[in-house]
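Okay, structure first, notes after.
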Amino acid sequence: MWDRKSLLSASQFSRSDVEEIISLASRLKQKPERLCSGKILANIFFEPSTRTEKSFQAAMYRLGGSVISHKDAGSSREKGETKKDTIRILSSYADIAVIRDNESGRMQEYTKAAGVPVISGGDGSNEHPTQMLTDAFTIKEEIGRLDNLKVAFIGDLKYGRTVHSLMQLLSKFSGNEIFSIAPASLSLPSDMKSMEAGRYDISQLREALAETKPDAVYCTRIQKERLNGEKGSYVVDSTLLSVLPPHCRIMHPLPRVNEMNVEIDADKRVIPFVQAANGVPVRMAIIAKMLGGA
Ligand code: CP
């Protein structure tokens, strides 16, 4: 059971924890409540972000709280201050902190330095647990269930932190089948391969989707900033959508670069912008639960 003292990994969540957050997020999406009036959230981002940072900011404002924000540019990090000292200082000005880091595996250390509840806003190529909860909420709203789903993950499954978190969450529900479609050099980390019901090379993308008939397709960007010489590219376009079932939903955590053609945006099955908008009520639910407002 999630202790609400930190939110760093999918491994902290039981199925009922996820269902509780989804239920509160649904309520707050319909009607925002000022559950965190007078509280301050520190957004501490050591790596660029649009959706995660700004949706946490919007979420805290909608809850009646305030936000202080850190980016390295223009801060004393440019004078050589460490990440840990920066976290310690900003957390002492706030009631809760969201931290995004380009390095994997330092969130526990940061949580100790902070001394307030910490939410991971993305942990290198490791995990992105609040995107996971946003994705789960969106799947529940759009498809109606989190059990007995066939989900095809496409792209950079090696460095894709949103994939790592969402696959773990899906494995906590029953009857889900996960298919991975990736370049060989960007396949899932070895400790996650046991989750796969099927594995395809990216060159078999169309055949894989036609064969598996997924309920959801989860596309990811090939992350140039994390590549170590590996290569891989693909494009989801209208030709590819023609092999997918009418009820299938095509998801992407964004930002997209070239892997999702904008021509498909008009197709109602394509929902990355719905996912992004759902980031606000889901993050409201997370903050409210961690600050004791709900
Ligand atoms: N989905 C996501 O994490 O987007 P940002 O990098 O813009 O926060």
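The values are calculated or read from the model by the stated rules, or taken from the named source; none is laboratory data. Note that the structure is a prediction, hence the values are computed from the model and not measured. Accessible surface is based on the protein model in full, side chains and every heavy atom, while ligands, DNA and RNA are left aside. Shrake-Rupley method; radii C 1.70, N 1.55, O 1.52, S 1.80 Å.
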Ranked order, Ile89, Ile139 - accessible area, probe 1.4 Å, largest first: Ile89, Ile139
Rotationally averaged projected area of region 129-276 (alpha carbon convex hull; nm²): 7.9 nm²
Rg and Dmax of the chain, Cα atoms only, in Å: 18.7, 55
Proximal aspartates and glutamates to Lys289, defined as alpha-carbon separation beneath 16 angstrom and excluding residues fewer than eight positions away on the same chain: Asp3, Asp17, Glu19, Glu20, Glu33, Asp95
Acute angle (nearest 10 degrees) that the helix 15-30 long axis makes with the longest principal axis of the chain, alpha-carbon atoms: 80 degrees
On Cα atoms only, tilt of 161-171 relative to the major axis of the chain in degrees: 70 degrees
Lysine-lysine proximity count for region 129-276, Cα under 22 Å, sequence distance 8 or more or distinct chains: 18
Bridge type composition, the chain - antiparallel percent by DSSP, nearest 5: 5 percent
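From the P(r) of region 1-89, could you give the percentage of C-alpha pairs in the tail past 23 Å?
39 percent
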Rounded to the nearest 10 Å², the accessible area of Leu35 at probe 1.4 Å: 50 Å²
